[in-house]
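Visitor: I'd like to ask you about the structure that follows.
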Amino acid sequence: MQASFPKAATDQGARHVDGSGSGSPGARHVAIIMDGNGRWAKKRLLPRIAGHRAGVEAVRRVARAARELGLECLTLYAFSSENWKRPASEVADLMGLLRHFIQADLDEFHANGVRLRVIGDYRALDPALVGMIDGAIARTAENSGPVIAIALNYGAQDEMVRAAQRLARRVADGELDPAAIDPAAIEGALDTADLPPLDLLIRTSGEQRLSNFMLWQAAYAELYFTDILWPDFDADALARALASFNRRDRRFGGL
Ligand code: IPE
Ligand code: IPE
Ligand code: MG
């Protein structure tokens, strides 16, 4: 069984990262577009794979920091549905790193009570990798600690298409009245259905675009852009992003 979270950002009883100074609730769910691995490597005259390897180290650091800061959920954009456009050798390198990451880090995640989740159409990946991912999700499913959600073969438009197909199938089966399709129904059909609402979306490397990431979920997320290249991102950088979040006034359309 997967854990469910209260949906409203103002729900009581949830564990919040300290929103010190502002009096507003701290962030529960932070997502990161981990960008800049290639440029990090280029600056050092290294091959792109070296940047991706250093990027995995940053994932380890930041996952630890997120746990220590008491975040409920950290979602990491690891491979987009558009990243297949890259040379086959780079795609293979990224898949190899992912496989190695699951093998090397699952024990630590599990020991720390982390629940591993995946968003995106990961079942389209290599069957052996899909098996490993399903095993990792199942092994950590009953943990009570934070969720680390990895976005794999993820594209927000693809996620919304799959959600529409799920709802359409239920309508065709006579289970769902089209008039009953509201934002909650769509939210419930997305890959993120049982994750807390997205509070803060970070992108590294100076790019200021969403690149098809969490378009629905970002409707009222705070956005934070930093020039730091992903392999250089660390606990301090995450703390600075959260401090910026805590200074903001979220109005959700109200006053
Ligand atoms: C992010 O780094 C990692 C992935 C998209 C897999 P990039 O590989 O996009 O690095 P840059 O943008 O070329 O520097
Ligand atoms: C977004 O980065 C995808 C991931 C971080 C996995 P990209 O490097 O693929 O994005 P664009 O191509 O610069 O928009
Ligand atoms: Mg990039």
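The values are calculated or read from the model by the stated rules, or taken from the named source; none is laboratory data. Just so you know, these numbers come straight off a predicted model, no measurement behind them. Glycine also receives a Cβ, built like all others from the backbone with ideal geometry; neighbour counts cover every protein chain displayed.
Visitor: Does G253 meet the test of being out of contact with any strand residue (DSSP E or B) (no Cβ under 8 Å at 6 or more places or on another chain) and modelled with pLDDT of 95 or more?
Guide: Values: out of contact with any strand residue (DSSP E or B) (no Cβ under 8 Å at 6 or more places or on another chain): yes; modelled with pLDDT of 95 or more: yes.
Criteria met by G253.
Visitor: Within segment 29-49, how many residues turn out to be assigned to a helix (DSSP H, G or I) and surrounded by fewer than 18 Cβ atoms within 10 Å (Cβ to Cβ)? Break it down into steps so the answer makes sense when it comes.
Guide: From segment 29-49, those assigned to a helix (DSSP H, G or I) are 37-43, 48-49; that's our starting set.
With the extra rule that they be surrounded by fewer than 18 Cβ atoms within 10 Å (Cβ to Cβ), the set shrinks to 39, 42-43.
Qualifying residue count for the region: 3.
Visitor: Can you pull out every residue in segment 49-89 that is of a type in the set (K, R) and under 17 Å from R99 (Cα atoms)?
Guide: Restricting attention to segment 49-89, the residues satisfying the condition of being of a type in the set (K, R) are 53, 60-61, 64, 67, 85-86.
Selection gives R53, R60.
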